[in-house]
1. What pairs come up if the first residue lies in the stretch 211-225 and is more than 16 Å from Asn12 (Cβ to Cβ), the second is assigned to a helix (DSSP H, G or I) and within 11 Å of the ligand (Cβ to nearest atom), and their beta carbons are under 6 Å apart, counting only those six or more places apart or on different chains?
2. Tell me yes or no: at least one residue of the stretch 66-77 is in contact (Cβ under 8 Å) with a residue 24 or more places away in the chain and part of a helix (DSSP H, G or I).
3. I'd like the residue in the stretch 223-243 that is outside any loop (DSSP other than H, G, I, E, B) and away from the ligand (no atom under 11 Å from the Cβ) and, out of all such residues, is nearest to Leu25 (Cα to Cα).
4. If only one of Glu134, Glu188, Glu153 is surrounded by 14 or more Cβ atoms within 10 Å (Cβ to Cβ) and either within 16 Å of the ligand (Cβ to nearest atom) or of a type in the set (Gly, Ala, Ser) (or both), which one is it?
5. Pick out the one residue from Asn180, Asn164, Asn143 that is at pLDDT 95 or above, under 22 Å from Gly44 (Cα atoms) and not basic (Lys, Arg).
6. Can you pull out every residue in the stretch 191-215 that is surrounded by 16 or more Cβ atoms within 10 Å (Cβ to Cβ), out of contact with any Gly (no Cβ under 9 Å at 6 or more places or on another chain) and part of a loop (DSSP other than H, G, I, E, B)?
7. Mind listing just one residue for me: the one in the stretch 161-177 that is part of a loop (DSSP other than H, G, I, E, B) and in contact with a Lys or Arg (Cβ under 8 Å, 6 or more places away or on another chain) and, of those, farthest from the ligand (Cβ to nearest atom)?
8. State all residues of the stretch 85-113 that are among the polar types (S, T, N, Q), outside any helix (DSSP H, G or I) and within 16 Å of the ligand (Cβ to nearest atom); if no residue qualifies, say none.
Amino acid sequence: MLELGKRLVIGNWKMHLLQQDAVRLASAVELTIENIPLEKVTVGICPSFLSLHAVNTARNEKKLLLGGQDCHGKDEGAFTGNVSAAMLRDAACDFVIVGHSERRLYQHETNAEVQMKAQSAIKYGLHAIICVGETERQRKEGNYLQIVQRQLEESLPPDSTRSNVTISYEPVWAIGTGNNAGSEDISEMHEHIKKILHARIGAEIPRIIYGGSVKPNNALEIMSLPVVDGVLVGGASLDSSAFASIIGIASRM
Ligand code: PGA
């Protein structure tokens, strides 16, 4: 469970690590979280689909949550190469990332598809982490708030609540570039997202986390922002000591 009230630190391993390496890294993350207080933070990792089983089997306890990097929007069917939310649930996942910009860009996923994915995740008991974020060009053109608003409004399933959905703001220009968004940019967008969620869902709005070049040296500044409920970490989550230090920062705040 992605317990409410806790800060989230999620590692997105993307298309990295063969099974043995995935198990090794997951064990290192488990060791990290065994030695820190977890009252304030929930830690999850998203290995490749093919490593989920091995990582789940190697887990000692279920304190380290498991997530998928994507799921299909339909329950089942003739969709070669895809994985359903039910399959992820069956593989012991607690949550799933949907609408990551790498999928929106390279797989041409639309907001409507992302909404179906999130809806299916919720239906099968997975918490959906819905990613939104503008490209560098959109930011330069100045209409980034409207772009993200549209992504959010069209990607959010009608029955979203704080307990079944988290929003991850991931500016595309900050992902994998080493250039994280600055505090002002993050605050502006998170406030904007908060207002949209408030209008749509009411007072108990979903958590809003940030992703895009989160590293040990910027995690404190980012997570200190009152509008940030956690981080989605790509590159740095593949390095056990970097990820441990981000988790440590989140747990001490
Ligand atoms: P990054 O990736 O931390 O490597 O920038 C973040 C993400 O894609 O979620």
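1. As it stands, the answer is Pro216/Ala242; Pro216/Ile246, since those pairs meet every condition given.
2. No - not one qualifying residue is present in the stretch 66-77.
3. Taking the stretch 223-243 as the starting set, the residues that turn out to be outside any loop (DSSP other than H, G, I, E, B) are 223-224, 230-233, 235-238, 240-243.
With away from the ligand (no atom under 11 Å from the Cβ) added as a condition, the list becomes 223-224, 230, 240-241.
Numbers: Met223: 24, Ser224: 27, Gly230: 21, Ser240: 6, Ser241: 10 Å.
The qualifying residue nearest to Leu25 (Cα to Cα) is Ser240.
4. On the way: Glu188 fails: either within 16 Å of the ligand (Cβ to nearest atom) or of a type in the set (Gly, Ala, Ser) (or both); Glu153 fails: either within 16 Å of the ligand (Cβ to nearest atom) or of a type in the set (Gly, Ala, Ser) (or both).
Exactly one residue qualifies, and that residue is Glu134.
5. Working: Asn180 fails: at pLDDT 95 or above; Asn143 fails: under 22 Å from Gly44 (Cα atoms).
On inspection, the qualifying residue turns out to be Asn164.
6. Keep residues of the stretch 191-215 that are surrounded by 16 or more Cβ atoms within 10 Å (Cβ to Cβ), which gives 192-193, 196-197, 201, 205-215.
If we keep only those that are out of contact with any Gly (no Cβ under 9 Å at 6 or more places or on another chain) too, we end up with 192-193, 196-197, 201, 205-206.
Within the stretch 191-215, Ile205, Pro206 meet the criteria.
7. Here is the first cut: in the stretch 161-177, the residues part of a loop (DSSP other than H, G, I, E, B) are 161-164, 170-171, 175-177.
From the residues that got through so far, the ones that are in contact with a Lys or Arg (Cβ under 8 Å, 6 or more places away or on another chain) too are 162, 171.
On the way: Arg162: 21, Pro171: 10 Å.
Out of the qualifying residues, it is Arg162.
8. Just the residues of the stretch 85-113 that are among the polar types (S, T, N, Q), to begin with: 101, 107, 110-111.
Next, only the ones that are outside any helix (DSSP H, G or I) stay: 107, 110.
Matches in the stretch 85-113: Gln107 only.
The values are calculated or read from the model by the stated rules, or taken from the named source; none is laboratory data. Computed from a prediction, not measured in an experiment: that's the story for all the values here. FYI the Cβ positions are ideal-geometry reconstructions off the backbone, even for glycines, and counts take in every protein chain you see.
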